[in-house]
Amino acid sequence: MDDRRRPRLGYNSYMLDISDEQFDAIISQAMDELPSEYIERLNNVLVTYEDEPSPEQRKQLKLRCDESLFGLYEGIPLTRRGNGYTFVLPDKITIFKKPILHFSHDMASFKEQVKRTLWHEIAHYYGLDHDRIHELERKSQRT
Ligand SMILES: [Zn+2]
């Protein structure tokens, strides 16, 4: 038997195919589904998407070659914005399509993961650290 066609790294072999237009629409839909008070207080934040983290982002985050990322928050969290916060470039939240695709077994799980990733990155905007984020994520998964 020829093993070479086996999917690597345990990824599922039924890859969804999602165009950028679809991905954009899925992100917008996920934003609409998040609690409105969570979204309304976003100020000077750009939400965008890429296929995967850039080499620069990988380097900055010290990602190993077998590690990837669903999303990334870059900017100045609300809790660190003082009076001097004017004429500042917007914060950027990037959602990465390919890594999420690799871990989604169908459209529903893909959409769910996009929503979770957005929530996670927006939590960073509100100044939450990973300890707190993971605590909240565990809580939301129990309900
Ligand atoms: Zn994070």
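I need a count of the residues in the stretch 64-87 that are within 16 Å of the ligand (Cβ to nearest atom), at pLDDT 90 or above and surrounded by 15 or more Cβ atoms within 10 Å (Cβ to Cβ).
10
Sort out which residues of the stretch 23-47 are exposed (fewer than 15 other Cβ atoms within 10 Å of the Cβ) and in a strand (DSSP E or B), and write them in order of number.
Leu46
Are there any pairs with C-beta distances below 6 angstrom linking a residue in the stretch 113-130 that is among the charged types (D, E, K, R) to a residue that is away from the ligand (no atom under 12 Å from the Cβ), with the two at least 6 apart or on different chains, and if so which?
Once the first residue is among the charged types (D, E, K, R) and sits in the stretch 113-130, its partners that are away from the ligand (no atom under 12 Å from the Cβ) give Lys115/Ala30.
Would you be able to tell me the number of residues in the stretch 53-63 that are away from the ligand (no atom under 16 Å from the Cβ) and surrounded by 16 or more Cβ atoms within 10 Å (Cβ to Cβ)?
Counting residues in the stretch 53-63 that are away from the ligand (no atom under 16 Å from the Cβ) and surrounded by 16 or more Cβ atoms within 10 Å (Cβ to Cβ) gives 0.
Report whether or not Phe70 is out of contact with any strand residue (DSSP E or B) (no Cβ under 8 Å at 6 or more places or on another chain) and aromatic (Phe, Trp, Tyr).
Answer is no for this residue.
I'm trying to understand the selection: among the residues of the stretch 89-143, which are within 16 Å of the ligand (Cβ to nearest atom) and of a type in the set (Ser, Thr, Tyr)?
Selection gives Thr94, Thr117, Tyr125, Tyr126, Ser140.
Looking at (1) crowded, with 17+ Cβ neighbours inside 10 Å; (2) of a type outside the set (Lys, Arg); (3) over 11 Å from the mean Cα position of the chain (by Cα), find the lone condition where Pro90 falls short.
Tallying (1) crowded, with 17+ Cβ neighbours inside 10 Å; (2) of a type outside the set (Lys, Arg); (3) over 11 Å from the mean Cα position of the chain (by Cα), Pro90 fails exactly one: (1).
The values are calculated or read from the model by the stated rules, or taken from the named source; none is laboratory data. Please read all numbers here as calculations on a predicted model, not as lab measurements. Note that each Cβ is placed from the backbone with ideal geometry, even for glycine, and that neighbours are counted across all protein chains shown.
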